[in-house]
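Here the structure comes first, spelled out in structure tokens, and everything after it is commentary.
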Ligand SMILES: Nc1ncnc2c1ncn2[C@@H]1O[C@H](COP(=O)(O)OP(=O)(O)O)[C@@H](O)[C@H]1O
Ligand SMILES: [Mg+2]
């Protein structure tokens with residue numbers, strides 16, 4: 001039972017078990033804080049919006065705090081004056097079929113976005129190649145004064161920037177199938193870390209690797225996976241630097257490898273977990289969309305996770321993101337085992 005402003009006034013034992021908290025820790029707290037760890041001040045959580053509207057309804061939402069996805073229903077309770085003073089909030093765990101449906105809609109939405117993005121990217125690709133080439137020809141053919149040379153070089157540089165964005169959009173749409181070879185995920189992660197180790201060291205970020213009990217390999221494009229892992233590390237680095245200005249024992253990224261020797265399990269799992277700023281629920285479902293970013297202009301393009309999503313899907317794998325505000329963010333990658 002919650003008040004319309006989201007303060008919890010009563011809970012049942014099942015909620016306490018799911019939240020792993022005692023009654024004293026829960027009563028009087030905001031429902032968002034208990035259910036998914038809180039939110040960023042400038043963003044409203046879907047649950048709060050839901051309570052504010054105060055009309056009876058049901059909504060599916062992902063709640064990593066309570067270990068899984070739940071369907072919520074709210075029933076406003078009116079007092080004798082006819083005003084809503086209490087709301088009965090019921091969370092029911094989604095069935096496997098419902099989960100599949102939620103998953104399906106999420107990937108269908110991203111697929112549609114991917115198609116749109118790839119369409120635009122292809123349209124932009126040819127003219128931009130033309131612009132860069134003509135600028136190059138001008139530069140090579142004519143004896144220009146330094147100001148002219150400078151301008152042409154700027155045209156080429158800006159053109160390259162657009163070309164990179166379109167290339168990235170195409171890989172979000174999974175339009176380019178790359179190499180396929182047996183690779184050891186540990187090796188890919190290590191080679192990615194090699195590229196950023198000095199930055200991590202400078203920021204005081206520790207990397208803790210937990211190795212698999214079985215040495216399995218996956219069939220993948222080494223370079224593309226490296227790009228994916230670099231994206232995750234760069235996001236974690238940003239989140240950790242934002243939360244901890246100086247040194248801290250929690251300024252760390254854990255990378256957990258879970259191979260398998262079980263015939264029934266066809267996936268190799270890799271988990272990237274950082275203890276940085278985390279993400280509120282309202283954002284969680286948008287992070288894989290192209291150009292979605294919460295970073296200030298110049299610091300993020302919003303393409304990292306969407307590209308990564310495209311690349312992992314292209315490998316017939318899965319990508320999930322879990323997070324609790326101010327506690328952790330965890331990216332789970334599943335890739336088919338090479339057999
Ligand atoms: N490890 C993380 N911790 C906190 N937030 C994250 C993390 N990874 C991704 N995000 C969120 O997801 C958004 C999208 O990420 P991404 O696609 O890589 O774009 P960008 O990093 O350019 O913003 C980020 O703006 C951020 O809000
Ligand atoms: Mg990023």
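For this structure, a couple of remarks:
- Residues of segment 262-301 classified as touching a strand residue (DSSP E or B) at 6+ places or on another chain (Cβ under 9 Å) and either farther than 14 Å from residue 328 by Cα or in a loop (DSSP other than H, G, I, E, B) (or both), total: 16
- Number of residues in segment 189-212 that are in contact with a helix residue (DSSP H, G or I) (Cβ under 9 Å, 6 or more places away or on another chain) and assigned to a helix (DSSP H, G or I): the value is 9.
- Check on residue 165, surrounded by 11 or more Cβ atoms within 10 Å (Cβ to Cβ) and closer than 21 Å to residue 298 by Cβ: yes
- Scanning segment 302-338 for residues that are without any contact (Cβ under 8 Å) to a residue 40 or more places away in the chain and assigned to a loop (DSSP other than H, G, I, E, B) yields 302, 316.
- Qualifying residue in segment 134-152 (condition: in contact with a helix residue (DSSP H, G or I) (Cβ under 9 Å, 6 or more places away or on another chain) and either in the same structural domain as residue 316 (by TED's automatic domain parsing) or closer than 26 Å to residue 290 by Cα (or both)): no
- Hey, residue 108 assigned to a helix (DSSP H, G or I) and modelled with pLDDT under 85 or not: yes
- For segment 213-256, the tally of residues that are away from ligand 1 (no atom under 13 Å from the Cβ), within 22 Å of residue 307 (Cβ to Cβ) and either in contact with a strand residue (DSSP E or B) (Cβ under 8 Å, 6 or more places away or on another chain) or not in a helix (DSSP H, G or I) (or both) stands at 6.
- Flag for residue 226 being within 16 Å of ligand 2 (Cβ to nearest atom), at pLDDT below 95 and more than 14 Å from the chain's Cα centre (by Cα): yes
- Residues of segment 272-282 that turn out to be within 6 Å of ligand 1 (Cβ to nearest atom) and within 20 Å of residue 106 (Cα to Cα), as a count: 1
- Among residues of segment 284-293, those that are within 13 Å of ligand 2 (Cβ to nearest atom) and touching a residue at least 40 places away in the same chain (Cβ under 8 Å), counted: 3
- Scanning segment 314-329 for residues that are under 14 Å from the mean Cα position of the chain (by Cα) and crowded, with 18+ Cβ neighbours inside 10 Å yields 319, 321, 322, 323, 324, 325, 328, 329.
- Residue that is farthest from the chain's Cα centre (by Cα), among those in segment 143-162 that are assigned to a loop (DSSP other than H, G, I, E, B) and exposed (fewer than 13 other Cβ atoms within 10 Å of the Cβ): 143
- Of all residues in segment 233-245, none that is within 13 Å of residue 196 (Cβ to Cβ) has its Cβ atom under 6 Å from the Cβ atom of a residue that is near ligand 2 (Cβ under 10 Å from one of its atoms) and modelled with pLDDT of 95 or more, 6 or more apart or on another chain.
- Leading residue by the ranking (farthest from residue 260 (Cα to Cα)) among those in segment 330-339 that are within 16 Å of ligand 2 (Cβ to nearest atom) and crowded, with 22+ Cβ neighbours inside 10 Å: 331
The values are calculated or read from the model by the stated rules, or taken from the named source; none is laboratory data. It should be emphasised that the depicted structure is a prediction, and the values quoted were computed from it without experimental measurement. For neighbour counting, all protein chains shown are included, and Cβ atoms are generated from backbone atoms with ideal geometry for every residue, glycine included.
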